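One structure is given here, and the rest of the page talks about it.
The values are calculated or read from the model by the stated rules, or taken from the named source; none is laboratory data. Given the structure is predicted, the values throughout are model-derived calculations rather than measurements. Backbone-built Cβ (ideal geometry, glycine too); neighbour counts: all protein chains shown. We work out accessible area using only protein heavy atoms, side chains counted, and drop any ligands, DNA or RNA first. Shrake-Rupley method; radii C 1.70, N 1.55, O 1.52, S 1.80 Å.
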Amino acid sequence: VRIARFSLPDTAADAGAVRFGLVEGEPEQPAAMVVAELSGHPFTPEPQPTGRAWPLDEVRLLAPVLPSKIAAIGRNYADHAKELGNEVPEVPITFLKPSTSVIGPYETIAYPEVSKEVHYEAELAVVIGRLCRQVPRERAKDVILGYTCANDVSARDLQRAEGQWGRAKGFDTFCPLGPWIETDLDLTGASGAGDPIDLAITCTVNDELKQAGRTSQMIRDVAELVAHITEAMTLPPGDVILTGTPAGVGPLQIGDTVSVTIEHIGTLTNRVVSRD
Ligand code: MG
């Protein structure tokens, strides 16, 4: 199923309230898609529908989770490491993006004045479903709620200049997430042959194709990344792992519209504005 977080439309008695819901219908027919409200949050085993539903185009989608932290992996696609002149690291490069960098679908990415080189990075995002630590790779599937699209927006000039990546990738609005969490996929390989571990991932800027990769090109797969990160830190429900970006990264300009699309998940679109 697809789990969205959204604010209720003006037609609802409690307009503006934030809820989780199930997105129903086919993306090929967007006008027919609806959001069915759930009671409570989606991390319980059986979230219950409340019986209320709205057309998808009448609600405002929000970031599908509010993570306590975003653990991200650098250089996890060989062709991307190469394009920036880097080797594939012997151990994964792990960094954190702050919770305050998260925005939802159609929210604006604020281009900071201090950077002259802000890049998009299309990434598969793993959403953690239960409190976990020291998860062996065979059990990674058990702690994953689902997957969504992410844009690991990065001030490349600051990343180069500062060595540590915390500021360059940590600006407010530098972690768009969405449009919803797809829970029916298993990219850990735990279910055996036929798993959809090979999903197309693309990035477009103003409808021009910039990145086109496949999740099967990851150097470390999802299960390995869950094991590696939870070896160090506890992940509460809602925390997010960003799994790296394929080749084709490049600059964003103020006024651009950037979209990350992952097969079987959906499309995450944001516009770039100046920070003030
Ligand atoms: Mg990245």
Do we find a residue being among the aliphatic types (A, V, I, L, M) and open to solvent by 10 Å² or more (accessible area, probe 1.4 Å) anywhere in the range 158-166?
yes
Would you please list the contacts, defined by Cβ atoms under 6 Å and residues six or more apart or on different chains, that run from a residue in the range 83-101 that is closer than 23 Å to residue 251 by Cα to a residue that is in a helix (DSSP H, G or I)?
88/78; 88/81
The correct count of residues that are in contact with a His (Cβ under 8 Å, 6 or more places away or on another chain) and modelled with pLDDT under 95 in the range 92-117 is 1
Residues (open to solvent by 20 Å² or more (accessible area, probe 1.4 Å) and within 13 Å of the ligand (Cβ to nearest atom)) located in the range 221-247
247
Being at pLDDT 95 or above and within 16 Å of the ligand (Cβ to nearest atom) narrows 67, 89 down to just 67
Take the range 104-129 and flag every residue that is surrounded by 14 or more Cβ atoms within 10 Å (Cβ to Cβ), more than 16 Å from the ligand (Cβ to nearest atom) and of a type in the set (A, V, I, L, M, F, W, C).
110, 127, 128
How many residues does the range 1-23 contain that are open to solvent by 30 Å² or more (accessible area, probe 1.4 Å) and either among the aromatic types (Phe, Trp, Tyr) or over 20 Å from residue 261 (Cβ atoms) (or both)?
10
Restrict the check to the range 130-139 and report whether at least one residue is open to solvent by 10 Å² or more (accessible area, probe 1.4 Å) and within 16 Å of the ligand (Cβ to nearest atom).
no
Are any residues in the range 37-52 open to solvent by 70 Å² or more (accessible area, probe 1.4 Å) and part of a loop (DSSP other than H, G, I, E, B), and if so, which ones?
41, 45, 46, 48
Is there any pair with a first residue in the range 59-74 that is over 19 Å from residue 35 (Cα atoms) and polar (S, T, N, Q) and a second that is away from the ligand (no atom under 15 Å from the Cβ) and modelled with pLDDT of 95 or more whose Cβ atoms are under 8 Å apart and which are 6 or more apart or on different chains, and what are they?
68/99; 68/236; 68/238; 68/239
State all residues of the range 248-259 that are touching a residue at least 60 places away in the same chain (Cβ under 8 Å), open to solvent by 20 Å² or more (accessible area, probe 1.4 Å) and assigned to a strand (DSSP E or B); if no residue qualifies, say none.
251
